[in-house]
Amino acid sequence: MRQSPDAPDAAHKPALRAIPPGLHFIATPIGAARDITLRALDVLAGADVLVAEDTRTLRHLMEIHGVPLGGRQVIAYHDHSGEGALARLLALIGEGKSVAYASEAGTPLISDPGFELARAVAAADLPMTAAPGPCAAICALTLSGLPSDRFLFAGFPPAARGARRSFLAELAGVQATLIFYESPKRLRQLLADMVETLGEGRQGAVCRELTKRFEEVSRGTVGQLAADFADRDVKGEIVVLVDRAPPPEASAESIAAALGAALATMSVKDAATFVSQTLGVSRKIVYRIAIDLDRD
Ligand code: SAM
């Protein structure tokens, strides 16, 4: 059970309102139990059927927040529960029941079960909604100090070294902040492999035990982080983030080629903005080349 034992929230009484038919994904805390939304509590209080990856964790969370089970059973379900379990949930939703689904912690589907269920509900064109909330990847991105305009959530890297290095090498050129989940047992190896595959100079962050008592955010270059954690025995839950690759060097020829293609469908101004952003080159330089090309 990952929720900290915060006191029940006496101020908020979950409303026993009718919850509309359909599937309701709810996000649950990644540490601090009070990080649950009022809407999620309302869904838990009023849904006809409660479904969870871990039934004990959900029951405990409801107890903390004073949400009565009211005789409802909590059904266990995850993406490998099989066709029969999935068909049973689809039948309940099809009958017009409101069904709440929570994974063990955070947002369902994010390195957690829920995808198979969402896909089946979408395919059957049944109603589905989500009460959004905590997600370790987003919390870590917020605290990392790294660019948040574009990011790529890469989930858990493979545990085997060779597969992990190929996985990292594939992501090396991506022009976005990279976000990984990792077990504390493998943090050291992951950082060492990042030095080899992504380079030691990129900025990164290791976010540990977010929203919990021993929350810790370490920032620095990948090389510094690898050295800092090389002889530390860390515990708890971890998110690792790495800044995007430096933009590839662009030559006058590659700028002209990219502009040639862009000018076929865009104005000079738009083509210059697009190419400068794509290649990471000053817009002033690109604009000058674009005017020359357009004149020719
Ligand atoms: N669904 C969850 C979410 O929305 O973030 C993720 C579930 S995944 C099974 C568990 C992983 O998420 C952990 O191994 C860790 O990498 C990350 N994680 C979850 N809670 C965390 C926390 N409080 N601090 C740091 N990382 C966390």
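The values are calculated or read from the model by the stated rules, or taken from the named source; none is laboratory data. This is a predicted model, so every value here is computed, not measured. In this analysis, Cβ positions are derived from the backbone assuming ideal geometry, glycine residues included, and neighbour counts consider all displayed protein chains. Side chains are part of the model used for accessible areas, which takes the heavy atoms of the whole protein and leaves out ligands, DNA and RNA. Shrake-Rupley method; radii C 1.70, N 1.55, O 1.52, S 1.80 Å.
The residue list S276, S218 contains one member that is among the small types (G, A, S) and either out of contact with any strand residue (DSSP E or B) (no Cβ under 8 Å at 6 or more places or on another chain) or more than 17 Å from L146 (Cβ to Cβ) (or both), which is S276. Residues in the stretch 202-234 that are open to solvent by 60 Å² or more (accessible area, probe 1.4 Å), modelled with pLDDT of 95 or more and outside any strand (DSSP E or B): R213, F214, E215, Q224, A227, D228.
Residues in the stretch 263-296 that are of a type in the set (S, T, N, Q) and under 20 Å from P248 (Cα atoms) were compared, and the one that is most open to solvent (accessible area, probe 1.4 Å) is Q277. Of all residues in the stretch 89-137, those that are open to solvent by less than 40 Å² (accessible area, probe 1.4 Å), of a type in the set (S, T, Y) and either away from the ligand (no atom under 12 Å from the Cβ) or not assigned by TED's automatic domain parsing to the domain that holds A32 (or both) total 2. The sole residue among D48, D42 that is modelled with pLDDT of 95 or more and farther than 18 Å from P132 by Cβ is D48.
Here is a list: D79, D54. Which entry is modelled with pLDDT under 95 and within 21 Å of the chain's Cα centre (by Cα)?
On inspection, the qualifying residue turns out to be D79.
For first residues located in the stretch 172-190 and without any contact (Cβ under 8 Å) to a residue 60 or more places away in the chain and farther than 30 Å from G280 by Cα, partners that are within 10 Å of the ligand (Cβ to nearest atom) and open to solvent by 40 Å² or more (accessible area, probe 1.4 Å) and lie 6+ apart or on another chain with Cβ distances below 8 Å form the pairs E182/F156; S183/F156; P184/E237. Annotation note: of L86, L58, the sole residue that is buried (at least 17 other Cβ atoms within 10 Å of the Cβ) and within 16 Å of the ligand (Cβ to nearest atom) is L58.
From the list R150, R164, which one is charged (D, E, K, R), open to solvent by less than 50 Å² (accessible area, probe 1.4 Å) and modelled with pLDDT of 95 or more?
When all the criteria are applied, what remains is R164.
Each residue in the stretch 78-92 was checked for being out of contact with any Asp or Glu (no Cβ under 7 Å at 6 or more places or on another chain) and within 16 Å of A52 (Cβ to Cβ), and 6 pass. For the stretch 190-240, taking the residues that are closer than 19 Å to G155 by Cα, under 19 Å from the mean Cα position of the chain (by Cα) and not hydrophobic (A, V, I, L, M, F, W, C), the one that is nearest to the ligand (Cβ to nearest atom) is identified as E237. Taking L187, is it within 11 Å of the ligand (Cβ to nearest atom) and open to solvent by 60 Å² or more (accessible area, probe 1.4 Å)? No; evaluated as a whole, the condition is false for this residue.
Selection over the stretch 138-184 of residues that are within 15 Å of the ligand (Cβ to nearest atom) and small (G, A, S) gives a count of 6.
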